[in-house]
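Engineer: Mind looking over this structure? Questions follow.
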Amino acid sequence: MKELSKAYEPKNYEDNIYKKWEESGLFNPDVCVKQRFTKKNAKPFSIVLPPPNVTGTLHMGHAAMLAIEDVMVRYHRMKGDRTLWVPGTDHAAIATQAKVEKLVMEKEGKTKYDLGRDEFLKRVESFAQESHDTIVNQSRKMGASLDWSREAYTLDEKRNLAVRTVFKKMYDDKLIYRGYRVINWSVKGQSTVSDDELVHVERPGKLYYFKYSKDFPITIATTRPETKLGDTAVAVNPKDARYKKYIGQEFVVDVGAAAPLKIKIIADENIELEFGTGALGVTPAHSSVDFEMYQKQKADGNDIGLIQVISEDGKMTAAAGKDYAGLTVLAAREKFVEYLRKNNLLEKEEDIVQNVGTSDRFGDVIEPLPKTQWFIDVNKPIKSRGKKTLKQLMQKAVGNKKGQIEIIPDRFNKTYFHWIDNLRDWCISRQIWYGHQIPVWYKGEEVFVGVEAPRGEGWQQDPDTLDTWFSSGLWTFSTLGYPDLKASDLKNYHPTSVMETGYDILFFWVARMILMTTYVLDDIPFKKVYLHGLVRDEKGQKMSKSLGNVIDPLDMINKYGTDATRLSLLVGNTPGNDMKLSEEKIAGFRNFTNKLWNISRFMLLNIENPKIDIKKPKAKTLADEWILEGLDKVIQETSKNIEEFNFSMVGEKLRDFTWSELADWYLEIAKVEGKKSEILNYILNTILKLWHPYMPFVTEAIWQEVYGADKTLMVEPWMGVKKANPTAKGFNDIINTITSIRSLRAEYKIEPAKKIGAHVNAGKKEKLLRNNQEIIKSLARLESLEFVKTGAEVSLDLAGAVDVAKEKPRLEKEIAELKKYTAGLENKLLNKEFVSNAPKEVVEKEKGKLNEAKSKLEKLEEQLNNLK
RNA sequence: GGAGCUGUGGCUCAGUGGUAGAGCGUUCGGCUUACAUCCGAAAGGUCGCGGGUUCGAUCCCUGCCAGCUCCACCA
C-alpha cells in the first residue's frame, strides 16, 4: 500500500477521480443495476436538476444546488436505491437573447435586425453552446454525480416535441387562447413580459390633478398625463355622493388628441374614494386595470372605446394628435402638462412615491399596451380533470396529505397558495427570436395548430416564441421521455422524489411545473420540494458583478478543493434561509478536509492489512466500546438527517464525531493502548462512507489509495444500525477527568511529571473500574502524570504541587454554586406538579442531572478535604 | 396596502418547553514522530424589548422595536 502524503492536495486527485467515476458509467442507474450495485427491483430515487441558464457561468447558488442534490443522490445510491439525477440546461429565452444582443452590439456595433433572424440565432446558439460547455464542466468540477447520458436541453429536439405536444393539447382543451389584451410591453426588448417577470421599483413621481376641459365637472388625478390623450371614460365609486349624479353621462372634450375624446362617466366599485380626487381617468389601452373596466363595460353593452396613444416603439401614435405623434412618452408628458397649465386646467401637482413596473431582463420601464397574444387560461374548467381549473389543480397538488407535494420549509405553502389566488391568465407569447416557436400556422383567415407543420402551400408559422417557463414547466417529464407515455424512465422515475431549488423561483418555475404536470399527466411532478436560500456575500449582500463581491466557485475549488467548497455550502445554514459565505469559511473546511486525510493516514499506519469487507469488531476496552457506540449513533443520525433534509446538522455532527471524538480522544488512546487494527479498519471504512456524500473526492481518494484504483467508494453499500443500549457511559467521566487535569495543569502552570490533585469516581461496576484504570493509566502516561491507585477509587494523586491558597477558594466557590444547583434540582423534583405533569423522560433526565451533580459535589468536597 | 423571514458570546450561524452550543476570532501554553491546514487550556451570552400561557420559556401566544425579503392594478 502506498503511503499517503502529508497534506491532501485536491488538485492531484479531483479531476482524475471524476473522470474515473464518469467512465465507470455508475452515474447511470441502469449501469448500477447491470453491475449489481443496485438491485433490479430497488426503490427509485430521482431528481431532475434545475437546469442552469446558458447565459454564462455557474455561481455559488448553482454550486450550493449541486452540492445539496449530490448529497441526496450519493446517499441514496449507496443505500441501494435506483438513483437517477438528470442533468440539463435552460435556453432562458429572453435572458440569453438579451445577453447576446448586448455582446453583438459591443463587438460589432450591430443590432439583431442588422443581422437578421437566422444569422442572429446562429450567434445565440454558438453562445449558448459555449455557456453550456462551461456549465457542464463546472458541474463536473463540483463532483456532481449526474447521469450525463440523459442530459437534456430545454430547446433541443426532444423537448421541442414535448412543448409542441403540450401546446396542442392545451389548445384543443381551449386552455390556450389568442386574445387582444393589455400586456406588459418592453420597448427595449420589443417583447411582452409576463406578470411575474415584472419588477416593481419605487420611484419619486408626480400626481397631477386636472380637468379635461373648463366645463368638465370632475377633476381627476394621474401620474401619467400623456396617456390621458387616450382616455375614454372616468370611473367613480358608485357610492361616491360627489359624483353619483354624473354616472352614465358622456362628455366630449378636446385635449389636443387626433379626435375629441368622448368621456363617459362610469361606476366601478374598486375606485377608492380617498385616493386623489376619487375619480379615475380610464385609459383602456394603457392600463390593465382600465382595460378590465373597459371589458366589463363592453360585456354590459356599453362600449366606451379604446384609443392606443403609445406604440410599440415607445412613442406617441397618430391618435395622440399631431402635437404629440412621434414624441417619446416623457416628452409628451411634459408637453401635455404644459398644455394643461397654459389652459388653467392643472389644479395641483403632488410629489408621491410610485411603484413602476420594470422588466427584470431588459431593465426598462414596462409600457402596458394592447396587443393580440397567446394566453393560458387558468380559470377554465378542464373536462379530463374533473372540471377542475388549472388553478384548482395547482391548489390540490400541494399539502400534507398523501399524494400531495410537501414543501420544505412549509412556510412556503402560504406563499405558494397566495400566489395562486392572485394568478391571472399567463401570457406565453414573446416577440423574441430565441425560443420555441409557437406551433401555430396561418394562411389568410385560416389557423392551424399542430404538433407538426400543416401540409400544403402558403402556411406561415406564428413568428412568436414561447415564454421560457413554458418549456421549463415540462422539465420533470420532458426529460424522462414524454410525450412517449410508455417511456421506461417516465414509468420508473416519475414523479421525481425531490425538487431541490432556490426559493426565488418558486413561482416562476416550481408552480409552473405543478401546473403543467397535473394537467398533462394528471400527476404531481415531485413528491417533495426542498427550497434552499440564496448565497450572499459576508455582508449579506447579493453577489453581483457590479458590486464586485462575487465569489467564484471555481476559484474556491482551485484554492481549497471541491470538498471544502461543498461543505461550506452545506453546513451552517437552514432550508429557505439565505446564507452568508466567506472565503474564511471555505478555508476552515479545507482544514477539515486535510484533517480527515491525516486521520486516515494515521489509522492506516495502525491497520495491518486493510480490508473493505469488515464487520463491526468486538470492543476490547472501554474506549473501543465508546467509539463504536459513538459511530453507531452517528450512522443513525446521518441517515436520518439526510432523509429529513437537515444537511447542515449532518455535517456538524459528523465533523464533531470525526474531529472531537475520534481524532482528539480515541486515536490518542489508541496510541497507548495499541493493537487496534481491526477496529481502526472498521472505523476508517465507516467514516469514509459517511463522509462520501459530502466530501466525495477526498473520501474516494483515500479509498482508492488504500484499496486500489479499481475499487470505488461511490457504490459501497451504506450502513444500517441496530439500536443498542449504550454501555460505555463511564468513558465520558474519564474524558472529564482528563480535561480537568489539563485545566488545572494549565492554571497552575504545572510542568509534566509534577504532581497535581484530581480524582475520578470510577463507578460501581468492577469491569468498568478495571477498564477505567487501564485507560486512566494510559492517559496519565499521555499527560505525563503519575498514576496512583487507592482501593476502589482510582485517582491521579499529584497533590503536592497545588497552590492551596489559590485552590481552596476556587473549590469552595465551585462547591457553593453546585450546592445551589442541586438544591434547585431537589426542589424541582419535590414539586409534585412537576413530577406529575412533566413527561417521564424529563423527570428522569432531571434525576440523572441531580445524581451527576451530587457525585460531582462529593468529589469536590473530597478534594477540598485533601487540600486541608 | 398585504404576507413572510430574521434578531442567540467580537463575527458567521446551529439548537432545545427544564439554569445555552459550534466554527472562526481573541488570550495563554505547546513544532507531543497522522496533521502547525495541528494540539491543550481559557475568557466571552440577562438567547432584541414588554406582557401572557406553564410548576418552569431563549424555545409556545401576543404587542412593540430593529433589519431583510416577497407579493400588490392606489390611478
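The values are calculated or read from the model by the stated rules, or taken from the named source; none is laboratory data. Note that the structure is predicted; figures quoted are calculated from it, not measured. Positions of Cβ are generated from backbone atoms using ideal geometry, with glycine treated the same way; all protein chains shown enter the neighbour counts.
Engineer: Would you mind telling me which numbered condition in (1) within 22 Å of A:Val698 (Cβ to Cβ); (2) surrounded by 17 or more Cβ atoms within 10 Å (Cβ to Cβ) A:Glu583 fails?
Structural biologist: (2)
Engineer: Could you tell me whether any residue of the range A:536-549 is within 11 Å of RNA strand B (Cβ to nearest atom) and surrounded by 15 or more Cβ atoms within 10 Å (Cβ to Cβ)?
Structural biologist: Scanning the range A:536-549, I find at least one residue that is within 11 Å of RNA strand B (Cβ to nearest atom) and surrounded by 15 or more Cβ atoms within 10 Å (Cβ to Cβ), so the answer is yes.
Engineer: Please enumerate the residues belonging to the range A:46-74 that are more than 19 Å from the chain's Cα centre (by Cα) and farther than 17 Å from A:Trp509 by Cβ.
Structural biologist: The answer is A:Gly56, and nothing else.
Engineer: Report yes if some residue within the range A:600-612 is within 15 Å of A:Leu690 (Cβ to Cβ), of a type outside the set (Gly, Ala, Ser) and either crowded, with 20+ Cβ neighbours inside 10 Å or away from RNA strand B (no atom under 14 Å from the Cβ) (or both); otherwise report no.
Structural biologist: Within the range A:600-612, one or more residues are within 15 Å of A:Leu690 (Cβ to Cβ), of a type outside the set (Gly, Ala, Ser) and either crowded, with 20+ Cβ neighbours inside 10 Å or away from RNA strand B (no atom under 14 Å from the Cβ) (or both).
Engineer: Still on this structure, please answer the following. Please list, ordered by residue number, the helices (runs of 4 or more DSSP H) wholly in the range A:1-96 having 3 or more residues that are touching a residue at least 40 places away in the same chain (Cβ under 8 Å) and out of contact with any Ser or Thr (no Cβ under 8 Å at 6 or more places or on another chain). Walk me through how you get there before you give the answer.
Structural biologist: Working: elements: A:14-24, A:29-34, A:60-79.
It comes to A:14-24, A:60-79.
Engineer: A follow-up question, please. Within the range A:491-607, considering only helices (runs of 4 or more DSSP H) that don't extend past its boundaries, which have at least 1 residues that are out of contact with any strand residue (DSSP E or B) (no Cβ under 7 Å at 6 or more places or on another chain), of a type outside the set (Phe, Trp, Tyr) and over 29 Å from A:Asp15 (Cα atoms)? Quick ask: steps written out before the conclusion?
Structural biologist: Working: elements: A:512-520, A:553-560, A:562-570, A:583-605.
Ranges flagged: A:512-520.
Engineer: Would you mind listing the helices (runs of 4 or more DSSP H) fully within the range A:802-867 where at least 1 residues are modelled with pLDDT of 75 or more and more than 10 Å from RNA strand B (Cβ to nearest atom)? Explain how you work it out, then say what you get.
Structural biologist: Details: elements: A:804-830, A:832-837, A:840-867.
Ranges flagged: A:804-830, A:840-867.
Engineer: Also, I was wondering about something else. I need the full set of residues from the range A:42-58 which are surrounded by fewer than 16 Cβ atoms within 10 Å (Cβ to Cβ) and modelled with pLDDT of 95 or more, in order please.
Structural biologist: A:Lys43
Engineer: Given the options A:Glu644, A:Glu661, A:Glu673, name the one that is within 16 Å of RNA strand B (Cβ to nearest atom), farther than 30 Å from A:Asn573 by Cβ and at pLDDT below 95.
Structural biologist: Values: A:Glu644 fails: farther than 30 Å from A:Asn573 by Cβ; A:Glu661 fails: farther than 30 Å from A:Asn573 by Cβ.
None of the other options fit; the residue is A:Glu673.
Engineer: Restrict the check to the range A:89-104 and report whether at least one residue is more than 23 Å from A:Arg159 (Cβ to Cβ), surrounded by 21 or more Cβ atoms within 10 Å (Cβ to Cβ) and not aliphatic (A, V, I, L, M).
Structural biologist: Yes, some residue in the range A:89-104 is more than 23 Å from A:Arg159 (Cβ to Cβ), surrounded by 21 or more Cβ atoms within 10 Å (Cβ to Cβ) and not aliphatic (A, V, I, L, M).
Engineer: Take A:Ala318 and tell me if it is more than 12 Å from RNA strand B (Cβ to nearest atom), over 17 Å from A:Lys262 (Cβ atoms) and without any contact (Cβ under 8 Å) to a residue 40 or more places away in the chain.
Structural biologist: Answer is no for this residue.
Engineer: Could you grab me the full set of residues in the range A:209-229 that are away from RNA strand B (no atom under 12 Å from the Cβ) and either modelled with pLDDT under 90 or buried (at least 21 other Cβ atoms within 10 Å of the Cβ) (or both)?
Structural biologist: Listed by number, the residues that qualify are A:Tyr212, A:Asp215, A:Leu229.
Engineer: Pairs under 6 Å by beta carbon, first residue under 15 Å from A:Glu661 (Cβ atoms) in the range A:632-646, partner of a type in the set (Ser, Thr, Tyr), six or more apart or different chains?
Structural biologist: none
Engineer: Now, a different point. Would it be correct to say that A:Pro463 is more than 34 Å from the chain's Cα centre (by Cα), free of Cβ contacts under 8 Å to residues at least 24 places away in the same chain and in a loop (DSSP other than H, G, I, E, B)?
Structural biologist: It is false that A:Pro463 is more than 34 Å from the chain's Cα centre (by Cα), free of Cβ contacts under 8 Å to residues at least 24 places away in the same chain and in a loop (DSSP other than H, G, I, E, B).
Engineer: Next up: Among the residues of the range A:504-513, is any buried (at least 24 other Cβ atoms within 10 Å of the Cβ), more than 16 Å from RNA strand B (Cβ to nearest atom) and under 17 Å from A:Met170 (Cβ atoms)?
Structural biologist: Within the range A:504-513, one or more residues are buried (at least 24 other Cβ atoms within 10 Å of the Cβ), more than 16 Å from RNA strand B (Cβ to nearest atom) and under 17 Å from A:Met170 (Cβ atoms).
Engineer: Any idea which residue in the range A:550-580 is nearest to A:Ile687 (Cα to Cα), counting only those that are crowded, with 19+ Cβ neighbours inside 10 Å and charged (D, E, K, R)?
Structural biologist: Here the residue is A:Asp563.
Engineer: Name the residue that is nearest to RNA strand B (Cβ to nearest atom), counting only residues in the range A:366-417 that are among the acidic types (Asp, Glu) and part of a strand (DSSP E or B).
Structural biologist: At the first step, the residues of the range A:366-417 found to be among the acidic types (Asp, Glu) are A:367, A:377, A:406, A:410.
Next, from what is left, pick out any that are part of a strand (DSSP E or B): A:367, A:406.
Values: A:Glu367: 13, A:Glu406: 17 Å.
Per the stated criteria, the residue is A:Glu367.
Engineer: Oh, and also: Quick check, is A:Thr593 closer than 27 Å to A:Ile17 by Cα, of a type in the set (S, T, N, Q) and within 11 Å of RNA strand B (Cβ to nearest atom)? Before the answer, list the steps.
Structural biologist: Details: closer than 27 Å to A:Ile17 by Cα: yes; of a type in the set (S, T, N, Q): yes; within 11 Å of RNA strand B (Cβ to nearest atom): yes.
In short, yes.
Engineer: Say we look at the range A:1-46 and pick out the residues that are of a type in the set (A, V, I, L, M, F, W, C) and closer than 25 Å to A:Ile586 by Cβ; which of these is farthest from RNA strand B (Cβ to nearest atom)?
Structural biologist: Selected residue: A:Trp21.
Engineer: Exactly one of (1) at pLDDT below 95; (2) more than 14 Å from A:Ile514 (Cα to Cα) is unmet by A:Ile382. Its number?
Structural biologist: Here A:Ile382 meets the rest and fails (1).
Engineer: From the list A:Phe412, A:Phe375, exactly one residue is more than 25 Å from the chain's Cα centre (by Cα) and buried (at least 18 other Cβ atoms within 10 Å of the Cβ). Which is it?
Structural biologist: Working: A:Phe412 fails: more than 25 Å from the chain's Cα centre (by Cα).
None of the other options fit; the residue is A:Phe375.
Engineer: In the range A:347-365, what residues are more than 12 Å from RNA strand B (Cβ to nearest atom), on the phi < 0 side of the Ramachandran plot and either surrounded by 19 or more Cβ atoms within 10 Å (Cβ to Cβ) or not in a strand (DSSP E or B) (or both)?
Structural biologist: If the condition is that a residue be more than 12 Å from RNA strand B (Cβ to nearest atom), on the phi < 0 side of the Ramachandran plot and either surrounded by 19 or more Cβ atoms within 10 Å (Cβ to Cβ) or not in a strand (DSSP E or B) (or both), then A:Ser359, A:Arg361, A:Phe362, A:Asp364 are the ones that fit.
Engineer: For the range A:615-710, which fully contained helices (runs of 4 or more DSSP H) count at least 3 residues that are farther than 19 Å from A:Lys722 by Cα?
Structural biologist: Result: A:647-655, A:667-673, A:677-691, A:696-707.
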